[in-house]
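Worksheet: the structure to be examined is printed underneath.
The values are calculated or read from the model by the stated rules, or taken from the named source; none is laboratory data. Quick caveat: nothing in here was measured; it's all calculated off a predicted structure. Using ideal geometry, Cβ is built from the backbone for each residue, glycine included, and neighbour counts are taken over all protein chains shown. Note: accessible area is taken over every heavy atom of the protein model, side chains too, but ligands, DNA and RNA are not part of it. Shrake-Rupley method; radii C 1.70, N 1.55, O 1.52, S 1.80 Å.
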Amino acid sequence: MLSSNTDTDRQRSAQRSGPLTGTIRAPGDKSMSHRAMIFGAMAEGVTTVTGLLEGADILSTASVMSALGATVTKTADGTYTIKGCGAAGLQTPEIDLDCGNAGTGVRLIMGACAGYPITATFTGDASLSSRPMNRILDPLREMGVNATAQEGGRLPVMLSSDGDLTPLTYTPPVASAQVKSAVLLAGLNTTGTTAITEPIPTRDHTENMLRAFGAKVEMTPKNVGNTIKLTGPVNLKATTVNVPGDPSSAAFPIVAALITPGSDVIIENVMMNPTRTGLFDCLTEMGGHVRPDNFRKSGGEVIADIHVKYSKLHGITVPPERAASMIDEYPVLAVAASFATGTTVMDDIGELRVKESDRITATYHLLKANGVNAEELENGLKVTGGPVAGGGTVTTHHDHRIAMSALILGLNADAPVTIDDASMIATSFPDFFDLMASLGAEIN
Ligand code: S3P
């Protein structure tokens, strides 16, 4: 049958591998790549982006921003240029805006569109269409946007604005950089001060990059649990963005080296923004040799090269207040925990249930299918380490991070670990297979 051939084509298996060795460069940061594309499309002039992640999520965002009026071009040396809409503003698109698998893309672009007289319909793939959008639509409606969504606030969403919004002072009910960013972007073209108070600080790339595009973004108190204020209207000015390496992608080869005996690996060019490095703290507390070195600045962020060696790990209880700084890294942390002595507790992470998949349940099944001692909690996961049998097939639910986590588990399991569908890995880490193979990982 044709469909079963296709299914088999999408499968991949990882098997116990020799020591992983060598040096690789982390792919461009997904969060910063989305923002560079969106802000560049809104700005006056031509923005140049180096190090852009050429993942499917970013390419979806690029095509949506083109449909809204920007011109995105890849130059011969791999640099991207974005001719922004500037004073003319984003335009009502002639087509539906298909954001693919990208939650960051759809949510930030809805915020960006809200400030202009635009009517647009947002769609996405099966995974994105199951994710909640009311967290964005509620504050945007308070600002004056009309939005109709499917049951439960799901896509497709039809958004319609007259571009004359009321500024909002808002405390998001969930710790979410996407919500914060959507409201701030709506505030750009709104007269008056839009303010967000974050009970727990989330990644601050929107604030930092908006400043690079000429916006005045204030944070009080500075750099701790923040109120972020932006006074509009603001005309963004094109700039150059050098996108550093993605710590969330670096997480996979890092955990791979930690659990594969004899490994000694360097991951270059990793962004060390403290709103993103919670996983590295956990792995270090677990006894992992994860040593950032050669600190320098790139694209307004501190970056480093991370030296990782195979380590005997022990379980920890992850402090819940660390969740925002490692929100995408729990599945791969659970893989590290599977090889650690003792129990690792990851609790108060209910947000994981509304990511590309329900990552608590998906990770639990990933582990159980391969003989790991795991327990699903109401809002978390407990993992007790030991030898990993492997031999299971993991359902990835269109989730790139579940797919990569399962393959990393297989690198030190007794029998190969198989995933049903590797295609989504291209959303965030298109070179995953080549880079892992260059380190010696056996993934077929
Ligand atoms: C992101 C924020 C996070 C994260 C996502 C990227 C961003 O989502 O899970 O992968 O770029 O702002 P939330 O803001 O919903 O936690």
Going down the table (Lys83/Lys180; Lys180/Lys309; Lys180/Lys237; Lys237/Lys297), which pairs top 30 Å between alpha carbons?
Lys180/Lys309
Once the Cβ-Cβ distance between Lys312 and Asp138 is put in as r, and R0 is 45 Å, what FRET efficiency do you end up with, to the nearest 0.05?
0.45
Each label sits 7 Å from Cα toward the beta-carbon; between Asp264 and Asp7 the label points are separated, in nm, by 4.5
May I ask you to derive the FRET efficiency for Thr193 and Asn235 from their Cβ-Cβ distance with R0 = 22 Å, giving the value to the nearest 0.05?
0.85
Charge dipole (the stretch 30-239, unit charges on Cβ, about Cα centre) - positive-most of Gly115, Thr193, Ile82
Thr193
Where nothing but the Cβ of Lys and Arg (+1) and of Asp and Glu (-1) is charged, how large is the charge dipole of the stretch 231-357 around its Cα centre, in debye to the nearest 20?
220
In whole percent, what relative contact order does the chain give with Cα contacts below 8 Å and a gap of six or more residues?
19
Just grab the label-to-label distance for Asn294 and Asp420, each label 7 Å out from Cα along the Cβ direction, in nm (one decimal).
4.1
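Let's test the formula: R0 of 30 Å, r as the Cβ-Cβ distance of Lys368 and Glu151. What FRET efficiency results, to the nearest 0.05?
0.45
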Area accessible to solvent at Cys282, 1.4 Å probe radius, in Å²
0
Spin-label pair Asp162/Thr220, simplified geometry with 7 Å Cα→Cβ offset, distance in nm
3.2
Estimated dipole of the stretch 1-129 in Debye, rounded to 20 [Cβ of Lys and Arg +1, of Asp and Glu -1, Cα centre]:
420
Per DSSP H run of n ≥ 4, the term is -39500 (n - 2.57); total these for the chain, divide by its residue number, and report the mean residue ellipticity at 222 nm rounded to 500 deg cm²/dmol.
-9000 deg cm²/dmol
Of all accessible surface on the chain at a 1.4 Å probe, what whole percent is carbon and sulfur?
49
To the nearest 10 degrees, the tilt of helix 103-114 (Cα long axis) against the first principal axis of the alpha carbons of the chain is 10
Search the structure for amide H atoms under 5 Å from the amide H of Cys99, placed 1.01 Å from N in the peptide plane, and list their residues when 5 or more places away or on another chain.
Thr123, Gly124
Normalised per residue, the volume inside the convex hull of the alpha-carbon atoms of the stretch 299-444 in Å³ amounts to 127
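Please give the per residue accessible area of the chain, computed with a probe of 1.4 Å over protein heavy atoms only, in Å². Walk me through the intermediate numbers first.
Values: 16070 Å² over 444 residues.
Heavy-atom SASA per residue in the chain reads 36 Å².
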Starting from the Cα of Lys368, draw a straight line to each of the lysines and keep only those under 17 Å, dropping any in the same chain fewer than 8 residues away.
Lys382
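Pulled fully out, how much extra length does the chain show between Arg211 and Arg322, if you take 0.36 nm times their separation in residues and subtract their Cα-Cα distance?
37.4 nm
Quick check for me: using +1 on Lys/Arg Cβ and -1 on Asp/Glu Cβ, what's the dipole size of the chain about its Cα centre, in debye to the nearest 20?
The calculated dipole for the chain is roughly 760 debye.
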Taking the mean number of other Cβ atoms within 10 Å as a proxy for protection, how do you rank 203-212, 149-158 from highest to lowest?
203-212, 149-158
Nearest 10 degrees, 0 to 90: what angle lies between the long axis of helix 247-259 and the longest principal axis of the chain (Cα atoms)?
0
Projected-area average for the chain over all orientations - Cα convex hull basis, square nanometres:
19.7
With a 10 Å cut-off between alpha carbons and a GNM built on the chain, which of Thr171, Thr396, Thr344 moves the most?
Thr171
